[in-house]
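The values are calculated or read from the model by the stated rules, or taken from the named source; none is laboratory data. If you're wondering where the values come from, they're calculated on a predicted model, not measured in any experiment. Areas reflect the complete protein model, heavy atoms only, side chains present, ligands, DNA and RNA absent. Shrake-Rupley method; radii C 1.70, N 1.55, O 1.52, S 1.80 Å.
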Amino acid sequence: MTEGTEHPMQIERVELHYVDMPLAHPFETSFGREVTRPCVLVAVHSGGLIGWGECAVGSGPWFSSETIETAWHVLREFLIPAVLGQDIASPADVVARFHRVRGHPIARAGLENAVWALMAQAQGVSLARLLDGERDRVPVGVSVGIEPALDALLDRVAQHVDEGYGRVKLKIKPGWDVGVVRAVRERWPDLPLQVDANCAYTPADAPILRELDAFDLLLIEQPFHHEDLVDHAWLQPQLRTPLCLDESIRSPEHARWALEIGACRVINVKVGRVGGLTAAQEIHDLCAGRGVPVWCGGMLETNVGRATNVALATLPNFTLPGDISASARYYREDIAEPNFVLNPGSALSVPDGPGLGVRVIPERLAAVRLRHQAWNS
Ligand code: NPQ
Ligand code: MG
């Protein structure tokens, strides 16, 4: 932790907002089809400032075991009481106060990241700066969901390539894999391309995964069980393509275990899945020390979570493009402004103002909000 992050602040008020945002297009993965994207937004107040964080839960326990209601419950009963009315000197202080809570990383991340945003604002620096980030623009790609037919998928990829995305990730599942990847590769021979199975395969499917080795993919993400390390370590030496773990890496310890046994050669870092920005930094540092590249994953975030991801992706070992698309990829109207737009070179600009660099618009928040609760010290 850098010295600059020490800045005692009393947490005077915490608010939770359960919102449900209509997606610009339905998004289908091997675990299901999402039409709207619910999440919990966290606001922490101190000295007239507000820090925002996002709990990246979805419509059910599909990607992760957490849901809106588990996040709300754990925040209300355990996490908010651990910080409300307390003098917090740094984000590490928040992590220490949460240490008895096992699991529930997405709930922990929402509140911890809100404190990071608050502290950046209080110190008059960008969140990227507070995290010791080094870039002013971050390379990004786009994640393309499963479509009803190959034609529709090719149209979607063409649209994103035309928009300027320089890296495409295809969602795959059994029956929607080799044929789809072959078709995309034939039409775009030089496009940086990767695939994500979201756990849809078993070791018996290894022949299919070995076939994917022929398409010059940047990586193959999480083919096997969401908690597995052992089967991935069995598969990796059979492939030229790096395996990348997502769901299986739920803490810095999981990252270390995975690297120890050779379960992957790349790690997807998601702040929610690993339990907050402090853990994300730790995984970044661990991987940097071992020469393992990382990249920033995405969970269909609003501009609050997107700004958090952009700040994280400024750390030097985030060398692969992130799943941090422009705001318009997922939402016609976001609850926070300004939108992130795609720049030439398939990159997003890093906000340089104090804090997150986006401001929540109260009317827009109210329009998509299903529940609100506040706690004062
Ligand atoms: C992944 N994200 O890398 C995830 C999966 C994902 C951009 O591909 C609601 C909450 C909807 C979490 C959709 C991308 C979600 C979600 C997809 C996570 O595996
Ligand atoms: Mg993934």
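Annotations
- Over the residues of the chain, the helix contribution to mean residue ellipticity at 222 nm works out to -8500 deg cm²/dmol, using -39500 (n - 2.57) for each DSSP H run of at least 4.
- Under the Debye formula (equal points on every Cα, no solvent term), log10 I(q)/I(0) of region 1-102 at q = 0.18 Å⁻¹: -0.92
- Anisotropy class of region 27-174 from Cα gyration tensor, a/c 1.5 cut: oblate
- 1.4 Å probe accessible area per residue over region 230-377, in Å²: 37
- Cα Rg, Dmax (largest Cα-Cα span) when computed across the chain, Å: 19.7, 60
- Legend: helices of the chain (whole DSSP H runs) are marked when their alpha-carbon atoms reach 24 angstrom or more along the helix axis and their mean Kyte-Doolittle hydropathy is at least 0.0; marked are 105-122.
- Accessible-area composition of region 214-334, carbon plus sulfur, in percent [1.4 Å probe]: 54
- Listed residues 87, 93 arranged by accessible area, highest first, probe 1.4 Å: 87, 93
- Value of Rg/Rh across region 284-327 [Cα atoms, Kirkwood radius]: 1.01
- Look at the alpha carbon pairs under 8 Å that are at least 6 residues apart: their mean separation over the length of region 85-197 gives a relative contact order of 19 percent.
- In plain terms, if you count all Cα to Cα distances in region 98-198 and split them into 5 Å steps from zero, the share in each step is 2, 10, 16, 14, 10, 10, 12, 13, 8, 4, 0 percent.
- Sequence-separation-based contact order of region 161-214, relative, with Cα cut under 8 Å and 6+ spacing, percent: 46
- Ratio of Rg to Rh for region 45-114: 0.97 [Cα atoms; Kirkwood radius as inverse mean 1/r over pairs].
- Backbone phi angles across region 65-71, fed through the Karplus curve with coefficients 6.51, -1.76 and 1.60 (θ = phi - 60°), yield HN-Hα couplings of 6, 7, 9, 3, 6, 6, 5 Hz in residue order; Gly and Pro are listed as x.
- Residue 265 accessible area, 1.4 Å probe, all protein chains in place, Å² to nearest 10: 100
- Across region 263-377, the fraction of Cα-Cα pairs farther apart than 22 Å, rounded to a whole number, is 39%.
- Whether region 168-229 is rounded, prolate or oblate, judged on the alpha carbon gyration tensor where a/c under 1.5 counts as rounded: prolate
- When a 1.4 Å probe is rolled over the protein heavy atoms, the share of accessible surface on region 1-146 that falls to carbon and sulfur comes to 48 percent.
- Solvent exposure of region 1-93 amounts to 39 Å² per residue of accessible area, where only protein heavy atoms count and the probe is 1.4 Å.
- Radius of gyration, Dmax [region 232-311; alpha carbons; angstrom]: 12.6, 40
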